[in-house]
Amino acid sequence: MKKITVKLKTNPYNIILSAKEADFISNLKKLQDLSSVFIITDSVISKIHLSKFKNLLIQNKFIVKTAVIPAGETGKSLKSLSFLYDSALKNGIDRKSCVIALGGGVVGDCAGFFASTYMRGIRLVQVPTTLLAACDSSIGGKTAINTDGGKNIAGTFYQPYFVWLNTDFLKTLDMRQIRNGLAEVVKYAFTFDNKFIDYLSKILEIGIITEQNFEYIIYKCCSYKADIVQKDEKETRGLRALLNLGHTLAHAIETHTKYNKFLHGEAVAIGLLFAAQLSVYKKLCKQEVYDEILSILRHCGLDPQSPPFSIYVFSKEIAGQNKKSNIAALVNLMKKDKKSVNSKINFTLLKGFGKAQSGYLIDDKTLYNQLKVFFNT
Ligand SMILES: NC(=O)c1ccc[n+]([C@@H]2O[C@H](COP(=O)([O-])OP(=O)(O)OC[C@H]3O[C@@H](n4cnc5c(N)ncnc54)[C@H](O)[C@@H]3O)[C@@H](O)[C@H]2O)c1
């Protein structure tokens, strides 16, 4: 078992990296006066992992209730939230209960929002089941749901009691979901660590990612995230905003395509490459940084310039009849992003290999022109 502590002043917590169920149970038993656990999962995971997970808790004498939200980004909605409030009340979930978010980022974000607001807040444990959630979304306490107006428009900061990170869950993920998670891994490498870029580049060139590689990658990403979160829990010091590298455009793309064309990581891959292009344009870094990010994304199977992924599909759509209005729509969506300041769009950009900086305000015209170059329209 490995343990990373997120050393927050008020509510520090542990990320437990272990494939042993006993490690999870012993941590859960530390929650005092627990009346019941409320497992929230989605319609795909419920068919694969829910019954074993539920039985584990029942065998250990917990009172267990469950709720299943729709799988995929559309599950992160007001409708799901409303369903969860009703279901919790019907199941007798009270202030001494604990929510267990069993799933990817969608379940984690939605269940986290629910836990932070139900009866003014009940306890939360995150059990990530995707690579993306293991490396990123299960840690740090950001919760959210999407609205028609945009991605993550409603949300809270709400830290879990602990995170149980068991890589066995990841064994049932398909390749597209693995690639999806790798996009956030690439983000960490380019944001923080030149050596991590080299490590990724080496294993991706070999083409086989072993279980040990995954464990190392997840450990590295969790360590970076824990470090940033403990220094800037509520994104008020500009540090946590570093983790937004690639996300400004990614969120606009997800909203523009109504969450049904790209996985989050695929949109992030597009956003990472665009952030690199913008960084080169602003003379913050050299062309070779752009080239390296492109090469790594290509090795991850997130090649933005070939089918079936990302920019290729998207640029075909963007370059279609409505190309000008598509790009204008993206710019408008980015302006509505919560990171925007006085309608200028706030970007995290690259100053070199493994070196990101937040707070670059980009005006509409520059952004519009750079997007035109990017999508080759
Ligand atoms: N809170 C944060 O800090 C933060 C950070 C990054 C991303 N996010 C959010 O995370 C979400 C994306 O998360 P995601 O990529 O995990 O997507 P997801 O939760 O939609 O999971 C992807 C798909 O994989 C399925 N799945 C999950 N675990 C599985 C398993 N073990 N085996 C087989 N299938 C499985 C799910 O049912 C779903 O269909 C986005 O909404 C994004 O905004 C949040």
Segment 2-172 shape via C-alpha gyration tensor axes, a/c threshold 1.5
rounded
Rounded to the nearest 500, what is the 222 nm mean residue ellipticity of the chain from helices alone, with -39500 (n - 2.57) per DSSP H run of 4+ residues and division by all residues?
-14500 deg cm²/dmol
Here the cysteines of the chain lacking a cysteine partner under 4.7 Å (Cβ to Cβ) are C98, C110, C222, C285, C300
Principal-axis tilt of helix 194-206 within the chain, Cα atoms, nearest 10 degrees
90 degrees
Between K79 and S343, what is the label-point separation in nm under the 7 Å Cα-to-beta-carbon projection?
3.4 nm
For the chain, longest principal axis from Cα atoms; helix 105-117 axis from its Cα atoms; angle between them, nearest 10 degrees, is 60 degrees
Classified through the alpha carbon gyration tensor (a ≥ b ≥ c as square roots of its eigenvalues; rounded if a/c is under 1.5, else prolate when a/b is larger than b/c, else oblate), segment 176-374 comes out oblate
Assuming R0 = 30 Å, can you tell me the calculated FRET efficiency for the pair K29 and D227, based on Cβ-Cβ distance, to the nearest 0.05?
0.60
Kirkwood Rh in Å, taken over segment 196-299 so that all alpha-carbon pairs contribute
15.4 Å
Sequence gap at least 6, Cα distance under 8 Å: using those rules, report the relative contact order of the chain to the nearest whole percent.
14 percent
Potential lengthening between I48 and Y360 on full extension [0.36 nm per residue; Cα-Cα distance subtracted]
108.0 nm
State, as an integer percentage, the relative contact order of segment 176-374 based on alpha-carbon contacts under 8 Å between residues 6 or more apart.
28 percent
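Which value, in debye to the nearest 20, gives the size of the charge dipole of the chain about its Cα centre, when Lys and Arg are +1 and Asp and Glu are -1 at the Cβ?
Values: 51 positive and 32 negative charges, 167 e Å.
In debye, rounded to 20, the chain gives about 800.
Just add up the charged neighbours of V280: K/R +1, D/E -1, any other residue whose Cβ is under 13 Å from the Cβ of V280. Each step should come with its number before you reach the end.
Values: positive: K282, K283, K286, K351; negative: E288, D291, E292.
Here the count lands on +1.
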Amide H neighbours of A154 under 5 Å, counting only residues 5+ apart in sequence or on other chains, H built in-plane at 1.01 Å?
I145, T147
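Evaluate E = 1/(1 + (r/R0)^6) for E205 and Q287, where r is the Cβ-Cβ distance and R0 equals 22 Å; express this FRET efficiency to the nearest 0.05. All intermediate terms of the calculation are to be shown ahead of the outcome.
Numbers: r = 21 Å, r/R0 = 0.94.
So, using R0 = 22 Å, E works out to roughly 0.60.
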If the limit is 29 Å between Cα atoms, which of K20/K65; K65/K225; K9/K52 go over it?
K65/K225; K9/K52
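How large is the translational diffusion coefficient of the chain in µm² per second when you combine the Kirkwood radius over alpha carbon pairs with Stokes-Einstein at 20 °C and 1.002 mPa s?
Numbers: Rh = 21.0 Å.
The diffusion coefficient I find is 102 µm²/s.
Relative contact order for segment 214-294: what percent, with Cα pairs under 8 Å and sequence separation of 6 or more?
Reported as a whole number, the value is 21 percent.
Computed from the coordinates by the stated procedures, all read-outs in this text should not be read as laboratory data. Every value quoted in this text rests on a predicted model; they were computed, and no experiment measured them. When we count neighbours, we look across all protein chains shown, and the Cβ atoms used for this are built from the backbone with ideal geometry, even at glycine.
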